[in-house]
Amino acid sequence: MSKSILITGCSSGLGISTAIQAAKAGHTVFATMRNLERREALDAAAQQAGVALHVLALDVQDSATITAAVDQAIAEAGRIDVLINNAGAGYVRSTEQATEEDINWVMDVNFMGVVRCTKAVIGHFRKQRAGHVVTVSSVGGLVGQPFNEIYCGAKFGVEGYMEAMASYITPNFGVYFTCVEPGGIASEFAANVMKQVEGTGGMLEDEYLPILQKYVGGAQARAGTGDIYQTADEVAAVVMRCVEAEDPPIRTRTSNWGEDFCALKTAPDPDGKKLQQQVIDQFLS
Ligand code: NAP
């Protein structure tokens, strides 16, 4: 069945790949980005794939742009079936080094951005008695990692938010929630993190420096191996499997590496369905 799908963060990486794969599968795609001047890569990919996209402005930090994009998508397609919360940004600094301004920005883009976009569509989904919110989380939404505590905190928040929504909205209104949890994606993401570090004073000379150097050096070495990093197309294929699923998972890793890395947390309940049932049984039966 052809669906109407709105995706955030389509100026690069996973957003572009997901928009193209969704359009190739015959869906109506509202590919959004905060700055339409960065649409060139998306347009080129769409042209190469021979697909048409509706490209709209949407900044996940600005509710007015979210409402405007949602309203336009509903006006053009008559409905939205799937929201894909893809926009996000990484951040690598210890809590001691992180400024409050940076912390607010990381939480605002990665957590509040998801809440704002979901809030903008959830009433529409409830009235339809159908809909699917797919949020691109991370293995960092399940496993805390060095110097990533602010980013992981935001992604853990996203996981809790989605899990809570799935406990009562899915069984009562037929609206589904899925967290997609990639390991690494070969995209602009890591370079943007390093740009942010360089633009805010670089690696600071303090007691954390040797530990941070070890972490960053290791991350750069791992980027060269095929194990952790997937292409955006590979991860988009997992996102699309969730979109097409009749009974989508509440959470899913995107690679064997990710599955192994998170196994101590996820092995007893890989797709989150057992926990969902337990919460329903405890609180709603
Ligand atoms: P990317 O290439 O850096 O793309 C991130 C996208 O988010 C860009 O389109 C960016 O837009 C957008 N964005 C940032 N702030 C925004 C805002 N305020 N409003 C709207 N859009 C905004 O990274 P990616 O790898 O494709 O990341 C996609 C998702 O995967 C993110 O949620 C990320 O946390 C998650 N993830 C990534 C990795 C990885 O290793 N790359 C691993 C696990 C999870 P601009 O071009 O305007 O900045």
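The numbers here are math on the coordinates, done by the rules we state, and not lab data. On a predicted model such as this, the values are computed, not experimentally measured, just so you know. Heads up, the Cβs are rebuilt from the backbone with ideal geometry, glycines too, and the neighbour counts pull from every protein chain shown.
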Quote the relative contact order of the chain in percent (integer), defining contacts as alpha-carbon pairs under 8 Å separated by 6+ residues.
-> 19
How large is ³J(HN,Hα), in whole Hz, for each residue of the stretch 197-203 in order, when computed from phi with the Karplus curve 6.51 cos²θ - 1.76 cosθ + 1.60 and θ = phi - 60°, using x for Gly and Pro?
-> 5, 4, x, 10, x, x, 6
Can you list the HN-Hα couplings for the stretch 148-162, worked out from phi with the Karplus curve (6.51, -1.76, 1.60; θ = phi - 60°), rounded to whole Hz and with x for Gly and Pro?
-> 9, 4, 6, 4, 4, x, 5, 6, 4, x, 4, 5, x, 4, 5
For each of F156, F30, count neighbouring Cβ atoms within 10 Å of the residue's Cβ, then give the residues from fewest to most.
-> F156, F30
Calculate for the chain the 222 nm mean residue ellipticity that helices alone would give, adding -39,500 (n - 2.57) per DSSP H run of length 4 or more and normalising by residue count, nearest 500 deg cm²/dmol.
-> -16500 deg cm²/dmol
In what order do C152, C179, C117 fall by count of nearby beta-carbon atoms within 10 Å, going from fewest to most?
-> C152, C117, C179
Which whole-Hz couplings ³J(HN,Hα) result when phi for each residue of the stretch 276-285 is put into the Karplus expression 6.51 cos²θ - 1.76 cosθ + 1.60, θ = phi - 60°, listed in order with x for Gly and Pro?
-> 4, 5, 4, 5, 4, 4, 5, 10, 10, 10
What is the order of E159, E234, E37, fewest Cβ neighbours within 10 Å to most?
-> E37, E234, E159
Note to self: C-alpha centroids of the stretch 125-203 and the stretch 206-285 sit apart, in Å, by 10
Listed residue pairs exceeding 21 Å between alpha carbons, taken from K155/K265; K3/K24; K3/K274 | K3/K274
